[in-house]
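Read the structure below first, then the notes.
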Amino acid sequence: MASPFHTSTKPVPFTARSLIDKTRTAFSTLPDSRKTATSNNLKYAVEDAALSAFSVFFTQSPSFLDYQVRMQKTYGKNNAQSLFGVHSIPSMNQVRTILDPIPPQQVYPVFADISEGLHQNGYLDPFRRTGNTLLIALDGTDFFASEKIACPQCTRQTMKSGKTLHRHTAVTPVIVAPGQTQVVPLPPEFVQPQDGQEKQDCELAAAKRWLDAWGARYAPWRATLLGDDLYCHQDFCQRAIEQGFHLLLVCKPDSHSTLYDWLADFDRTGQVQVVERKRWNGKRHITEHYRYMHHLPLRNSDDTLMLNWCELTETDENGKQLYRNAWVTTHAIDDETVIDIAASGRCRWKIENENNNVLKNHGYHFDHNFGHGQHHLANLMATLVLLAYLLHTTLDWVDSYFRAVRGLLPSRRTFFEHLRALMQYLPFDDWDHLMQFMLKGLNGTIPDSG
């Protein structure tokens, strides 16, 4: 087994302390819509409200603040203050009231700053794949739905019963790669009503706004956008290419009849290239059948984009089909690269399994209603959950104490169970103190900090 105290030779851009400091600094600039100095609501600073909410998501402990209030009474100090910098702890109802007017976009620069640090210091290099590009997967996920609770940021869906379903949906871009068990969350974009537009907002429109907001930052990193068939349409593809992105998008026959008509004509004349490979997956022999073709039209129009296309079909020894999918891409395809391109295209599922599924089912409770509010609260809370996930992923790479403790425990779940229990009963001076305490309790050797 590899030592849990192995440290990377890469520069260390962050530690637990510096990441929390960076978050606290960002929260200190959040706007305060409260105006009357006599209001009781001014007892707590916006920064304290944001840090308090964030601490709940970071510790994965819904009762974290309650325990810290009790600890303050017992010890005269608490972990919300020492670990997160909360000067005065508001109740969750007060947190919701204070944060409701704040748009989630106010928090996005923290995502950008952290991802920039990881990029500049080489931590994202293992995620480079097709054409030496980073793979950024885009997908929308619902995190709230109700027939009774609504806010101005909800989208509305009329059900067959005639009732209206109020929903919150986020496009959650993440950096993924084949063989990588972690993903790197980037700033989200929410599906919500847009000023001056009568048409209902949708996932694709939100993804276009994300391109406009972040293309200038992430495209220069040399990035390939991954997405399902929803994204494989001319206007989105054109916008992404103009921003400087490569594309690798699922392309289905039902929604791209012109492309597949051309493909059928080329197939009849034997011009579609074919590659076949056999492999052993540890249980059985798999046959991989690849097809590819260059310069096919995305739609039936004079201004259509001409993109490259490839398909992968997998069968077992008995000829039973195990998998089939096809993509269009801006990357050049040949007999060698088609295998890598298909592997990159397949890893789009990681945004479901290793991002959305983790967020909803592994302690983050992304689809739990932490507070809906009347303005931006639901989307802001979701953004803070995503930020906590990004910090955890980053700490696994860059903070030797955090990484060492995680390495000595059997699972993420166990780590947070230990963390919650300790922070409920004992006050710690700072993050290093907490991690060192855990290492000693696990009979571990304390590594060099950083």
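Couple of notes before you dig in:
- Exactly one residue out of 279, 217, 268 is among the basic types (Lys, Arg), open to solvent by 40 Å² or more (accessible area, probe 1.4 Å) and within 22 Å of the chain's Cα centre (by Cα): that is 217.
- Hits in region 176-186 - residues which are within 11 Å of residue 138 (Cβ to Cβ) and either touching a Pro at 6+ places or on another chain (Cβ under 8 Å) or surrounded by fewer than 24 Cβ atoms within 10 Å (Cβ to Cβ) (or both): 186
- Selection within region 297-326: residues that are hydrophobic (A, V, I, L, M, F, W, C) and touching a Pro at 6+ places or on another chain (Cβ under 9 Å). The member of this set that is surrounded by the fewest Cβ atoms within 10 Å (Cβ to Cβ) is 306.
- Members of region 327-363 that are open to solvent by less than 50 Å² (accessible area, probe 1.4 Å), farther than 23 Å from residue 415 by Cα and assigned to a loop (DSSP other than H, G, I, E, B): 330, 331, 333
- Test: residue in region 53-71 that is outside any loop (DSSP other than H, G, I, E, B) and either closer than 26 Å to residue 240 by Cα or touching a strand residue (DSSP E or B) at 6+ places or on another chain (Cβ under 8 Å) (or both): no
- Test: residue 86 is surrounded by 17 or more Cβ atoms within 10 Å (Cβ to Cβ), in contact with a Leu (Cβ under 9 Å, 6 or more places away or on another chain), β-branched (Val, Ile, Thr) and in a helix (DSSP H, G or I): no
- Selected residue (criterion: modelled with the lowest pLDDT) from residues of region 61-75 that are closer than 21 Å to residue 432 by Cβ and open to solvent by less than 50 Å² (accessible area, probe 1.4 Å): 61
- Taken over region 187-214, residues that are open to solvent by less than 10 Å² (accessible area, probe 1.4 Å) and without any contact (Cβ under 8 Å) to a residue 24 or more places away in the chain amount to 0.
- Considering (1) over 30 Å from residue 15 (Cβ atoms); (2) in contact with a helix residue (DSSP H, G or I) (Cβ under 8 Å, 6 or more places away or on another chain), the lone condition that residue 195 does not fulfil carries the number (2).
- Total residues in region 93-138 satisfying the condition of being buried (at least 17 other Cβ atoms within 10 Å of the Cβ), of a type outside the set (D, E, K, R), in a helix (DSSP H, G or I) and out of contact with any His (no Cβ under 7 Å at 6 or more places or on another chain): the figure is 16.
- Per the listing 415, 366, the residue uniquely surrounded by 17 or more Cβ atoms within 10 Å (Cβ to Cβ) and at pLDDT below 90 is 366.
- Count - residues of region 139-162 that are open to solvent by less than 50 Å² (accessible area, probe 1.4 Å), more than 18 Å from residue 189 (Cβ to Cβ) and of a type in the set (Asp, Glu): 0
- Within region 202-307, strands (runs of 3 or more DSSP E) holding 3 or more residues that are closer than 28 Å to residue 120 by Cβ and at pLDDT 95 or above: 223-227, 246-250
- Qualifying residues in region 41-55 (those that are in contact (Cβ under 8 Å) with a residue 12 or more places away in the chain and of a type in the set (A, V, I, L, M)) - the one most open to solvent (accessible area, probe 1.4 Å): 45
- Cross-chain or 6+ apart pairs with Cβ under 8 Å, region 75-103 first and closer than 22 Å to residue 420 by Cβ, then in a loop (DSSP other than H, G, I, E, B) and among the charged types (D, E, K, R): 82/429; 82/430; 83/430
The values are calculated or read from the model by the stated rules, or taken from the named source; none is laboratory data. Since the model is a prediction, treat every value here as computed from it, not as a measurement. With ideal geometry, Cβ positions are generated from the backbone for all residues, glycine too; neighbour counts draw on all protein chains shown. Heads up: the accessible areas ignore ligands, DNA and RNA and are worked out on the full protein's heavy atoms, side chains in. Shrake-Rupley method; radii C 1.70, N 1.55, O 1.52, S 1.80 Å.
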